[in-house]
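The values are calculated or read from the model by the stated rules, or taken from the named source; none is laboratory data. Note that the structure is predicted; figures quoted are calculated from it, not measured. Neighbour counts are summed over all protein chains in view; Cβ atoms, including those assigned to glycine, are modelled from backbone coordinates with ideal geometry.
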Amino acid sequence: MFVPCLLQRHRPAGGTVISLGHRLLDDYLELVAARSRPNTVLASAYDLKVFFSIIGRDPVEVDTADVLAFIKVQREPRLGAEVVRIEDGESGLSARTIKRRLATVAGLYEYLIIRDDAGPQSGASGSGGAASRTASGARGTVDPRTADSSPG
């Protein structure tokens with residue numbers, strides 16, 4: 001079971017390195033850091049931490065059921081059923097927050113597909129790994145950007 005740990009380290013030359021303790025996630029965060037502002041990197045790391053803390057699986061083992069379970073948990077009431085959002089009267093996190101978190105997860109898996117590296121199981125042979133499964137659509141892997149988050 002993978003449990004991410006969000007760490008921030010300051011470089012002696014300046015800047016901050018943000019990591020989650022998994023090679024694939026940390027490599028992705030390096031890419032985000034090269035393209036984004038520090039707060040965006042921190043938000044992406046937090047979104048990935050939340051996702052992997054909830055599903056409790058290694059990034060190469062994530063499948064459709066995990067993403068759908070994550071969406072369900074995000075929509076559940078957080079402070080009791082009687083607490084609702086003013087804007088729409090629903091409980092759970094806002095759709096905007098859930099979509100942002102799913103966009104971060106989708107970005108990670110797009111990166112893994114392009115890189116064709118989801119750990120020791122993947123590679124030129126295409127013998128496994130989340131990136132290979134996601135690219136081919138086999139074994140029930142979902143693109144989180146298209147996962148239905150509507151209730152019911």
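Can you tell me which of (1) modelled with pLDDT under 95; (2) loosely packed, with under 15 Cβ neighbours inside 10 Å; (3) small (G, A, S) is the one A69 doesn't meet?
Failed condition: (1).
Of everything in the range 55-66, what is surrounded by 16 or more Cβ atoms within 10 Å (Cβ to Cβ) and hydrophobic (A, V, I, L, M, F, W, C)? Give them in sequence order.
Of everything in the range 55-66, those that are surrounded by 16 or more Cβ atoms within 10 Å (Cβ to Cβ) and hydrophobic (A, V, I, L, M, F, W, C) turn out to be I55, V60, V62.
If we keep just the residues of the range 52-66 that are part of a helix (DSSP H, G or I) and of a type in the set (D, E), which is modelled with the highest pLDDT?
Looking at residues that are part of a helix (DSSP H, G or I) and of a type in the set (D, E), I get D66.
Can you spot a residue in the range 11-32 that is under 20 Å from L93 (Cα atoms) and either touching a strand residue (DSSP E or B) at 6+ places or on another chain (Cβ under 8 Å) or assigned to a helix (DSSP H, G or I) (or both)?
Looking for residues that are under 20 Å from L93 (Cα atoms) and either touching a strand residue (DSSP E or B) at 6+ places or on another chain (Cβ under 8 Å) or assigned to a helix (DSSP H, G or I) (or both), one finds none in the range 11-32, hence no.
Can you list residue pairs whose Cβ atoms sit under 7 Å apart, with the first residue in the range 20-44 being free of Cβ contacts under 8 Å to residues at least 60 places away in the same chain and crowded, with 16+ Cβ neighbours inside 10 Å and the second being assigned to a helix (DSSP H, G or I) and of a type in the set (D, E)? Count only pairs 6 or more apart in sequence or on different chains.
Note: pairs meeting the criteria are L20/D26.
In this structure, does P4 turn out to be touching a residue at least 40 places away in the same chain (Cβ under 8 Å) and assigned to a loop (DSSP other than H, G, I, E, B)?
yes
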